[in-house]
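The values are calculated or read from the model by the stated rules, or taken from the named source; none is laboratory data. Just so it is clear, the model here is predicted, and its values are computed rather than measured. Because the Cβ atoms are built from the backbone with ideal geometry, glycine has one as well, and the counts that use them run over all protein chains shown.
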Amino acid sequence: MYAFIARRLLLAIPTLLIISLFVFSLQKLLPGDPVLVMAGEERDPAVIEALREKYHLNDPVPMQYLAWLGNALQGDLGISLRTNQPVLSLIAEKLPVTLQLAVMSMTFALLLGIPMGILAAVKKNTAIDYLASVLALSGLSVPNFWLGIMLILLVSVQLGWLPASGYQPFFVDPLLSLKTMLMPSFVLGNALAASMMRHTRSSMIGVLSSDYIRTARAKGLAERSVILSHALRNAVLPIVTLSALLFGELLAGAVLTEQIFTIPGFGKLIVDAVFTRDYAVVQGVVLCTAFGFITMNLIADVLYVLLNPRMRASL
Amino acid sequence: MTAASPTEPVLTVEGLSTSFQVDGRWSTVVRDVSFEVRPGETLAIVGESGSGKSVTSLSIMRLLPPRVSRIEGRIRLAGRDLGGLSEKEMRAVRGRDMAMIFQEPMTSLNPIFTIGRQISESLTCHLGLSKRDARAETLRLLEKVRIPNAASRFDEHPHQFSGGMRQRVMIAMALASRPKLLIADEPTTALDVTIQGQILDLIKQLQEEEDMAVLFITHDMGVVAEVADRTMVMFRGDAVETGTTEEVFLAGRHPYTRALLAAVPRLGEMAGEHWPRRFPIVDMATGVQAEGKSVDATVATHEEPVLAVRDLVTRFEVRGGVFGRKTGEIHAVEKVSFDLFQGETLSLVGESGCGKSTTGRSILRLVEPRSGRVDLDGFDVLDLDSRDLLRMRRSVQMIFQDPFASLNPRMTVGASVAEPYTAHRLGTRAEARDKAADLLTRVGLDPTMMSRYPHEFSGGQRQRIAIARALALDPKVIVADESVSALDVSIKAQVCNLLMDLQENLKIAFLFISHDMAVVERVSHRIAVMYLGEIVEIGPREAIFGDPQHPYTKRLMAAVPVPDPARRGIRRDLSGQELKSPVRPLDYVAPERRYRTVAPGHMVMEGAVG
């Protein structure tokens, strides 16, 4: 088991290196020069040259990369060209916001998608199954921005139940924080819930027709324990992998939702950074997202092995 | 509920009919079946696929999908009418008063729960035992079904058990609440023959100890003869004959019973025959049988062998650890040598993991052998580049076990059969079509069926199609890997006869890979017995069956169930010996083997194996 985790961690290193190289070179290939932006309207050659010296932009490109990588490894992702704040502290400030949104969306997706998937599988080809499928399809096909705006109009403007936008840190006022995030996480999570439901359904249908479920029934177990214990534990294995991948996607998918609900999160940070050519921030955010993806994948792999004794044996 | 007196049947089934709803229409698959089973008695229900034998057992357990099935008739268990029970009451009967074991021990246990948990579940569910008592009782059960080191295996998962051991776990689970009736649905079909013997003996012994009634479902007349007091024969949903096993075997009245029995190959019935002999062809309606003709002398021993294998070695790596280091090797094929002559059938026999299939695949280079030499129709097979490899494969073709999986479901059978011909660019499209039509005729199918898809054919017909495809390139050698193992006895006989016809007409050499000794006896000229990757004995068919020398060959022969009711009392070694594995540590050096010549062409390996 530990050998497996160690092996996966070792594999993450080259992945991160490749991503860092990619992120760094993308910057160099993009049109636009941040120094020109910083130098202002006058474009005094002396100022430009001084700025280039200051930010080591005259060094050979590989040297720049190594210097950047070395700093990044020590937690120094540079200074935002726009706000003059360290990138790391910018990220540290925005990440919890998006993380809360992602965790709540995921919780919502799991709580809705898995039970609906089980129900649809158990009641296969009945009205309940069809209803669940219709709901899932609508969840997948309704665009986020439309749903978000409609919800704001209905729930906040008309009914006044929930705040329409903004963000409240969780540790300052937990209840208000949850209330503010409720609509955004529903908007972000409903498509997830739909795909979760479809996957749970098909995985569950496969498991329910397997020989060991027949054995469990032949034993005289109650149907509830056949489904929730014998079948679900097996059916949920592929869902674990799926959830981890989707969670990574959530971090990226939050951009639009954060714009609709004006949440000052990661998504807003990257959009602003890209528009102002704030390279250091873009690099930091992309690296951070990639790191999140890799971590989630690692967690999914480890969980999968823990839940699946056949995998445990082959380690 | 009162306990059944010895004379009172445990299970009485009267007028059982079961129907399924398919595409909105109800079709009856079991019609008006009646029988009873007494305490301590074994009733076998025997029949081929589609006879309704398994549906009968699942109807009794009420395990069929409720919305699309309908069960009619009276089922009484220990005097209690099961028909009137609610689903909840039925659950209390299932697993407590009657229990069931299934055909597939590999898939019938939940892969993510420990076997201890799965057995104690039955105990806590029906007997209301505490966790600790259930654990103690589970250990007792594991010992009862003779699983070695039961205590240490309680917390292991199913994948850590072999097929035979898993079936023991299933039996322990079924016996947990001391049921009055045990339904065994093909419990040994998926097992190797020596393991099958162990499981059959175990069931017999436990039945005696518990005075249990057993309903034994099987297609294997040999198994029936060994276990059943009484036998019921089913044919397309009807019970056509019921009687004591002796009556059914020796004086079966229904034509189908006689046909079924005649189709069963009996070990030893080829004594005194020099050439392979076709199976008798039995008319399923009348039961009249025509003795099969023997195959004419086809073997060209005076010529060079068409296939010569020398010191073939194939190993697979076993990896583990942080960096996936090589930790061992599976010695799948270890210095195997043999010759195959034109027009000859050499059978490779042995149990799971003995390397017989890997040998076949190595010869075609479907897996890469480690070393050795294979000469096939003028090709030095292990030294061919990819283009010559393609040319070589015109000389040798393969037929696989599963006729359902080895035909592309999206291709018409005509296209499937013609594909090798077009892929090797041997002629135009029209020529390929003519060739396919000709091949289908040759394997006994109507060429007008060419535009149909595989799902429209039965298993036996599909295997004929696979044979036609193998013939498309006029190969000199056909490797038949368990090609008739999945087929019903009557179909098996027909397909074997077809292979022998083809051999007689086309002088094809067969490498016939099989675990079925009785079929092997019919079709082979020579036999090689494999054990743990090595050939332990090789020789003419008569010599191997008439004068087996190696202990493993003898053990294999003794384990084959014989369709003779006089053998009902036999007991074998219950010790639960497992098949050994050919996984070796890296520093393992394969020992030098010496072969002793018993008679011309009959060689046996000296020294112990394992």
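Checked against the criteria, A:A231 does not count as of a type in the set (G, A, S) and either within 23 Å of the chain's Cα centre (by Cα) or assigned to a loop (DSSP other than H, G, I, E, B) (or both).
Suppose the filter is surrounded by fewer than 18 Cβ atoms within 10 Å (Cβ to Cβ), more than 14 Å from chain B (Cβ to nearest Cβ) and at pLDDT below 85; does A:Q283 pass it?
Details: surrounded by fewer than 18 Cβ atoms within 10 Å (Cβ to Cβ): no; more than 14 Å from chain B (Cβ to nearest Cβ): yes; at pLDDT below 85: yes.
Criteria not met by A:Q283.
Which of (1) among the small types (G, A, S); (2) modelled with pLDDT under 90; (3) buried (at least 22 other Cβ atoms within 10 Å of the Cβ) is the odd one out, the single condition B:G252 does not satisfy? Going through the list (1) among the small types (G, A, S); (2) modelled with pLDDT under 90; (3) buried (at least 22 other Cβ atoms within 10 Å of the Cβ), B:G252 breaks only (3).
Return the total of residues in region A:220-245 being small (G, A, S) and within 30 Å of A:I294 (Cα to Cα). Show your work before the answer.
Quick first cut of region A:220-245, residues small (G, A, S) only: A:220, A:222, A:225, A:229, A:231, A:235, A:243-244.
Right, trim to within 30 Å of A:I294 (Cα to Cα) and you get A:231, A:235, A:243-244.
Residues flagged as small (G, A, S) and within 30 Å of A:I294 (Cα to Cα) within region A:220-245 amount to 4.
Under the condition of being surrounded by fewer than 20 Cβ atoms within 10 Å (Cβ to Cβ) and at pLDDT 85 or above, the residues counted in region B:189-201 number 1.
The helices (runs of 4 or more DSSP H) found entirely in region B:341-456 that carry 2 or more residues being over 25 Å from the mean Cα position of the chain (by Cα), of a type outside the set (V, I, T) and crowded, with 20+ Cβ neighbours inside 10 Å are B:413-423, B:429-442.
Candidates in region B:255-274 are the residues that are more than 21 Å from the chain's Cα centre (by Cα) and crowded, with 18+ Cβ neighbours inside 10 Å; of these, the one that is nearest to B:E504 (Cα to Cα) is B:M270.
Looking only at region B:76-87, filter to residues that are of a type outside the set (G, A, S) and surrounded by fewer than 20 Cβ atoms within 10 Å (Cβ to Cβ); which one of those is nearest to the other protein chains (Cβ to nearest Cβ)? Steps first, answer last, please.
Restricting attention to region B:76-87, the residues satisfying the condition of being of a type outside the set (G, A, S) are B:76-77, B:80-82, B:85, B:87.
Add one more test, that the residue is surrounded by fewer than 20 Cβ atoms within 10 Å (Cβ to Cβ), and what stays is B:76, B:80-81, B:85, B:87.
Values: B:R76: 18, B:R80: 15, B:D81: 18, B:L85: 12, B:E87: 8 Å.
The qualifying residue nearest to the other protein chains (Cβ to nearest Cβ) is B:E87.
From the list B:T28, B:T18, the lone residue that is farther than 23 Å from B:V214 by Cβ, at pLDDT 90 or above, in a strand (DSSP E or B) and more than 13 Å from chain A (Cβ to nearest Cβ) is B:T28. Here B:T428 passes the criteria (1) of a type in the set (S, T, N, Q); (2) in contact (Cβ under 8 Å) with a residue 12 or more places away in the chain; (3) more than 30 Å from B:L307 (Cα to Cα) except the one numbered (2).
If we keep just the residues of region A:173-221 that are among the aliphatic types (A, V, I, L, M) and within 13 Å of another protein chain (Cβ to nearest Cβ), which is surrounded by the most Cβ atoms within 10 Å (Cβ to Cβ)? Working first, answer last.
Going through region A:173-221, the residues among the aliphatic types (A, V, I, L, M) turn out to be A:175-176, A:178, A:181-183, A:187-188, A:191-194, A:196-197, A:204-205, A:207-208, A:213, A:216, A:218, A:221.
Still in the list and also within 13 Å of another protein chain (Cβ to nearest Cβ): A:205, A:207-208, A:213, A:216, A:218, A:221.
On the way: A:I205: 17, A:V207: 21, A:L208: 19, A:I213: 19, A:A216: 27, A:A218: 25, A:L221: 22.
The qualifying residue surrounded by the most Cβ atoms within 10 Å (Cβ to Cβ) is A:A216.
Region A:1-119 holds helices (runs of 4 or more DSSP H) entirely within its bounds, and those carrying 1 or more residues that are within 14 Å of chain B (Cβ to nearest Cβ) map to A:2-29. Output yes when any residue across region B:36-52 is surrounded by 14 or more Cβ atoms within 10 Å (Cβ to Cβ), within 14 Å of chain A (Cβ to nearest Cβ) and touching a Leu at 6+ places or on another chain (Cβ under 8 Å), and no when none is. Among the residues of region B:36-52, not one is surrounded by 14 or more Cβ atoms within 10 Å (Cβ to Cβ), within 14 Å of chain A (Cβ to nearest Cβ) and touching a Leu at 6+ places or on another chain (Cβ under 8 Å), which makes the answer no. Residues being in a helix (DSSP H, G or I), within 14 Å of chain A (Cβ to nearest Cβ) and of a type outside the set (K, R): count how many of those fall in region B:116-171. Looking only at that region, the number is 22. For region B:88-107, the set of residues classified as of a type outside the set (A, V, I, L, M) and in contact (Cβ under 8 Å) with a residue 12 or more places away in the chain consists of B:R94, B:G95, B:R96, B:D97, B:F102, B:Q103, B:E104, B:P105, listed by residue number. Among the residues of region B:144-166, those identified as of a type outside the set (A, V, I, L, M) and within 17 Å of B:S108 (Cβ to Cβ) are B:E156, B:H157, B:P158, B:H159, B:Q160, B:F161, B:S162, B:G163, B:G164, B:R166. Looking across region B:88-98, the residues that are within 18 Å of B:A172 (Cβ to Cβ) and either surrounded by fewer than 20 Cβ atoms within 10 Å (Cβ to Cβ) or more than 7 Å from chain A (Cβ to nearest Cβ) (or both) come down to B:R96, B:D97, B:M98.
Could you list, in sequence order, all residues of region B:99-111 that are surrounded by fewer than 22 Cβ atoms within 10 Å (Cβ to Cβ) and either assigned to a strand (DSSP E or B) or within 7 Å of another protein chain (Cβ to nearest Cβ) (or both)? Listed by number, the residues that qualify are B:E104, B:T107, B:P111.
In region A:222-239, of all residues being of a type outside the set (G, A, S) and over 18 Å from B:H157 (Cβ atoms), the one that is nearest to the other protein chains (Cβ to nearest Cβ) corresponds to A:E223.
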